[in-house]
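Here's the structure, in structure tokens; my notes come after.
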Amino acid sequence: MTREEKKTIVAAVDTTDVSQAMFKEALVLASSLRARVVLVSVTPEYEGNMNRFFLKNAELKLKEPFEQVLDDAADYASSLGLEMKTVRRHGKPSEEIIEVALQEKADLILLGSSRRLQLERMMLGRTIAEIIHDGPCDVLLIPKKSEIRFNKVLVEINDFPSRPEAGMLAFEVAKSYSSEVHAMCVIDIAPDKSLRYGVQREAEQKALEVMKEYAAQGEEQGLRVITEIGRNMPERCLVEYAQKNNIHLIVLSSNEDAGMFEMLWGSVVERVASKAVCPILVAKKKKAKEKSFLSYAI
Amino acid sequence: MGEAYRFDKIDLGTVQSSSLDKTGEEESSKKESIILVVTRNAHLAEPVMEYTLNLAERLHCRLLAAYVDTLPQLVDGGQRNRKFISALLQSAEVYRSKAMAKGVSFSYVQESGRISKVINRLCHIAKRIEFVVIDRGIKIEEAVSRAPVPVFNIFYDTFNQSEREPWLHRKIFLQRIPKR
């Protein structure tokens, strides 16, 4: 592998504690993957008028903490003898982060995720959802106080044969880090449909078939898959299972075609991220020859 | 499957190191082993400082000091944090000057959180940490719990230390005075 073929991790930081902890985890991951880290900090656009509060250089004052974060991060990395590229941007965070990821040909985007209620997400913007939806690569969300470990991986396989990204990525993680794979198929039937005769049984049968197929594919690759059926809302099932079984990573696939429900109530990824205590890896649909950030093969 | 992965990893390392255009000096400094010195006090104890400096000089290692703030969430308006930072800067400056006199390369990082987590993280980021030396006030069980390398603590006579660091007694005395 030459220097040009080195994997690139784009980590987006802001002034919060969550993103600063995430940056350190980015260094751990980069060290284990021998990847290079590009740290990006985006100062949000300010459209107000602070002159009425006798604050003339509002933009400069807004920019300062974001630049300080980058400087501190660069100092930290250099004191550990690591090289790191820092990028300062100004504008809409999601758009700028995606642009940097495209420019740097990123293999993975790292974001810190804080616990937020749906109302907070609606009010404060949906940066994570926008990056997942429009980003060019997989996204790893790191909640506060969590750390990157791949010993136990939980993957949601609801749409497995038709959309295999998450399932395949979980296999890749498991092969690279000798992880234990837990696969969950969630049955979430709307209350009006659940009253119909046989709907529950039909859904369970379908879930069993999906799990059987996934387990068989795992066996083909020499991996043992522990399967489970969840009977509640996806975020609740996944988070509860992860807490109960001490899961280190949840793998989900991104929802490319978000509907009105997702716009209002947030996608499954957003809802899981707002509750989970372990990192969440969101798999994007890949082109035929595209490899994941984990692939070492030359 | 596991063996194939291991082969890839080793192969990758050798190719990568040879492909980088670096001078011999840079290369050797990158490959220098590191002794990690961890303290939860902003002032690193002098015996620990002396011992690690001698050790680094003898073993031709680099020193990395981690000043860990174990109470980052303390609600005091950031007063403790500010004091911690100013004290660690003083301590690091003393450590650096002593290291320079002995020709040992030294760097430090400010960390926060649990000791075990910090040691684990630093050992994974800086790959060449050979062992960890902990300062007083850190339980060895906690440091060892997640450390991938050996951990040592240093026992020293606190009476002799108080002679060398008179501020230590004064500080404790002042802390014991109840506020009015």
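Just one of the listed residues (B:SER105, B:SER91) is in contact (Cβ under 8 Å) with a residue 24 or more places away in the chain and within 14 Å of another protein chain (Cβ to nearest Cβ), namely B:SER105. Looking at A:ALA77, A:ALA30, A:ALA73, just one residue is closer than 24 Å to A:LYS7 by Cβ and touching a Phe, Trp or Tyr at 6+ places or on another chain (Cβ under 6 Å), and that residue is A:ALA73. Tell me which residues, restricted to the range A:73-83, are away from chain B (no Cβ under 11 Å) and either out of contact with any Ser or Thr (no Cβ under 7 Å at 6 or more places or on another chain) or crowded, with 18+ Cβ neighbours inside 10 Å (or both). Across the range A:73-83, the qualifying residue is only A:ALA73.
Among the residues examined, A:SER41 qualifies as under 30 Å from B:SER105 (Cβ atoms) and either of a type in the set (S, T, N, Q) or at pLDDT 90 or above (or both). A residue that is among the basic types (Lys, Arg), surrounded by 19 or more Cβ atoms within 10 Å (Cβ to Cβ), within 14 Å of chain B (Cβ to nearest Cβ) and outside any strand (DSSP E or B) cannot be found anywhere in the range A:146-164. Selection within the range A:15-40: residues that are of a type in the set (S, T, N, Q) and more than 12 Å from chain B (Cβ to nearest Cβ). The member of this set that is nearest to the chain's Cα centre (by Cα) is A:SER19.
Here A:LYS24 clears all of (1) part of a helix (DSSP H, G or I); (2) free of Cβ contacts under 8 Å to residues at least 12 places away in the same chain except the condition numbered (2).
Which one is nearest to A:HIS248 (Cα to Cα), of the residues in the range A:176-227 that are part of a helix (DSSP H, G or I) and within 14 Å of chain B (Cβ to nearest Cβ)?
Taking the candidates together, the pick is A:TYR177.
Provide a single number: the residues in the range A:228-245 that are part of a helix (DSSP H, G or I) and surrounded by 14 or more Cβ atoms within 10 Å (Cβ to Cβ). Here the count works out to 8.
The sole residue among A:LYS56, A:LYS61, A:LYS105 that is free of Cβ contacts under 8 Å to residues at least 24 places away in the same chain and assigned to a loop (DSSP other than H, G, I, E, B) is A:LYS56. Determine whether the range B:9-26 contains at least one residue that is closer than 25 Å to B:SER105 by Cβ, modelled with pLDDT of 90 or more and within 13 Å of chain A (Cβ to nearest Cβ). Within the range B:9-26, none of the residues are closer than 25 Å to B:SER105 by Cβ, modelled with pLDDT of 90 or more and within 13 Å of chain A (Cβ to nearest Cβ). When restricted to residues that are aromatic (Phe, Trp, Tyr) and surrounded by fewer than 18 Cβ atoms within 10 Å (Cβ to Cβ), the range A:179-227 contains 1. Tell me, please, whether a residue that is assigned to a helix (DSSP H, G or I) and at pLDDT 90 or above can be found in the range B:58-81. Within the range B:58-81, one or more residues are assigned to a helix (DSSP H, G or I) and at pLDDT 90 or above. When the range B:134-151 is examined, which residues are found to be away from chain A (no Cβ under 14 Å) and within 26 Å of A:GLU83 (Cα to Cα)? Across the range B:134-151, the qualifying residues are B:ALA147, B:VAL149.
Every condition in (1) within 10 Å of chain A (Cβ to nearest Cβ); (2) more than 11 Å from the chain's Cα centre (by Cα); (3) under 18 Å from A:LEU80 (Cα atoms) is met by B:LEU122 except one, and the failing one is (2). Screening the candidates B:ARG128, B:ARG121 for the property of being under 21 Å from A:LEU29 (Cα atoms), free of Cβ contacts under 8 Å to residues at least 24 places away in the same chain and not aliphatic (A, V, I, L, M) yields one hit, B:ARG121.
The values are calculated or read from the model by the stated rules, or taken from the named source; none is laboratory data. These figures come from a predicted structure and were not determined experimentally. Cβ coordinates were reconstructed from backbone atoms using ideal geometry, including for glycine residues, and neighbour counts include every protein chain displayed.
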